[in-house]
1. Are there any strands (runs of 3 or more DSSP E) wholly within segment 296-358 with 1 or more residues that are aliphatic (A, V, I, L, M) and modelled with pLDDT under 85, and if so which?
2. Residues in segment 70-85: is at least one under 20 Å from residue 313 (Cβ atoms) and surrounded by 16 or more Cβ atoms within 10 Å (Cβ to Cβ)?
3. Under 8 Å between Cβ atoms, at least 6 apart or on separate chains: pull out the pairs that start in segment 35-64 with a residue that is in the same structural domain as residue 14 (by TED's automatic domain parsing) and end on any residue that is of a type in the set (Phe, Trp, Tyr).
4. Tell me whether segment 19-39 contains one or more residues that are closer than 20 Å to residue 137 by Cβ, touching a His at 6+ places or on another chain (Cβ under 7 Å) and crowded, with 24+ Cβ neighbours inside 10 Å.
5. Any chance you could count how many residues in segment 101-124 are farther than 21 Å from residue 63 by Cβ, hydrophobic (A, V, I, L, M, F, W, C) and assigned to a helix (DSSP H, G or I)?
6. Give the residue that is modelled with the lowest pLDDT, with candidates limited to residues of segment 207-219 that are surrounded by 13 or more Cβ atoms within 10 Å (Cβ to Cβ) and touching a helix residue (DSSP H, G or I) at 6+ places or on another chain (Cβ under 8 Å).
7. Does segment 74-92 contain any residue that is touching a Lys or Arg at 6+ places or on another chain (Cβ under 9 Å), of a type in the set (Val, Ile, Thr), part of a helix (DSSP H, G or I) and within 22 Å of residue 140 (Cβ to Cβ)?
8. Please go through segment 43-61 and pick out each residue that is under 12 Å from residue 14 (Cβ atoms), of a type outside the set (Gly, Ala, Ser) and outside any helix (DSSP H, G or I).
Amino acid sequence: MTWTTDPGTPANVIGVGLIGGSIGMALRQRGWRVFGSDSNDMTLARALELGAIDEIGLEPSAAITFVATPVTVIADHARRALAAGCAVVTDAGSVKAPVVDAVGDARFVGGHPMAGSEQDGIDGADPELFEGAVWVLTPTSDTADSAYTQVASVVSSFGAEVMAVAPDRHDALVAVVSHVPHLTAATLMGVAEMRAEEHAALLRLAAGGFRDMTRIASGHPAIWQDICRENRGAIIDALDALIEGLAEMRDVVDKGDGAALLNRLERARAARANLPSRVARPSDLAEVRIPVPDRPGVLAEVTTLAAELGVNTADIEIAHSAEGNRGVVIMLVEAANADLFRGGLMARGYRPSVQRLG
């Protein structure tokens with residue numbers, strides 16, 4: 001997947017806080033001319049001072065526009081940018097389904113970089129923030145293939161690993177891996193604070209495990225009101241599952257059931273050890289070539305299938321046929337899962353070929 005730009009090609013960043021500022025810095029390092037806008041004039045001035053943007057304002061001729069505002073206003077900003085003539089628009093919000101539905105434009109690609117910092121605002125911006133991070137994109141059957149490939153290529157140039165997931169699926173998954181962990185950390189921190197009122201030395205005794213588990217509670221509190229409002233259903237489902245699991249763990253501890261406790265802890269340890277890692281070496285990759293009809297949504301279909309099967313994608317491009325009614329999607333995936341992906345594609349009527357690179 002290659003998205004090259006001439007030096008000075010314009011890009012927009014709307015909302016230049018921690019994430020938007022980091023995007024702006026990453027773009028500028030790669031030769032883009034970045035235009036920035038924000039509701040706070042002081043933030044904009046600071047973004048200029050720190051080199052996160054080149055100019056203030058929205059550039060209608062921008063090849064790509066990133067919206068990095070609070071979740072509740074992303075759709076409004078995205079629609080305005082598209083109406084102004086911006087070619088492709090994406091966002092960086094942690095809730096996707098309501099945003100994608102509200103924008104409703106083939107040139108919009110929902111996005112969510114799974115990266116952050118304990119620092120708040122533009123002063124925490126870092127052009128290397130996305131290196132090695134997963135950047136989720138949420139194309140739909142209406143998403144223009146050209147828009148998806150442009151966004152995927154640009155964020156890949158930041159060093160991020162692109163994963164395609166359906167918008168509602170994203171929200172359900174992120175509730176489990178991001179939203180509920182933050183709420184859990186905040187709750188545990190609240191329990192410790194209450195107990196510390198009775199035992200003044202408690203927080204001084206906090207060891208590494210407690211600090212590791214509650215570190216995310218130090219994140220910016222204000223954004224969580226919007227997140228919990230916009231993703232309420234998925235968060236409630238995940239909280240219910242967590243509460244049920246904790247109740248079961250309580251019963252195991254209360255009954256002194258050592259075997260059940262050991263089983264739960266061993267399963268958790270194994271699951272933690274098997275968390276997927278980033279594909280790095282060419283010898284670990286395979287090229288999957290997928291002949292496809294040249295129609296909107298086909299790229300979203302095959303990329304979201306890869307994510308559903310747990311297949312990491314290292315690179316992707318689409319080659320359109322000269323005849324105009326066929327094309328080939330070329331994907332680099334983990335070699336270990338290439339046959340699984342091939343089988344999933346065949347089950348959906350595709351006829352892919354697979355070739356290992358190593």
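The values are calculated or read from the model by the stated rules, or taken from the named source; none is laboratory data. Note that the structure is predicted; figures quoted are calculated from it, not measured. FYI the Cβ positions are ideal-geometry reconstructions off the backbone, even for glycines, and counts take in every protein chain you see.
1. Ranges flagged: 313-320.
2. No, because not a single residue in segment 70-85 is under 20 Å from residue 313 (Cβ atoms) and surrounded by 16 or more Cβ atoms within 10 Å (Cβ to Cβ).
3. 53/35; 54/35; 55/35; 56/35; 57/35; 58/35; 59/35; 62/35
4. In the first step, residues of segment 19-39 are kept if they are closer than 20 Å to residue 137 by Cβ; the result is 19-20, 22-24, 26-27, 30, 32.
Now restrict to residues that are touching a His at 6+ places or on another chain (Cβ under 7 Å): none.
Scanning segment 19-39, I find no residue that is closer than 20 Å to residue 137 by Cβ, touching a His at 6+ places or on another chain (Cβ under 7 Å) and crowded, with 24+ Cβ neighbours inside 10 Å, so the answer is no.
5. 2
6. Taking the candidates together, the pick is 219.
7. no
8. Those that are under 12 Å from residue 14 (Cβ atoms), of a type outside the set (Gly, Ala, Ser) and outside any helix (DSSP H, G or I): 53, 56, 58, 59.
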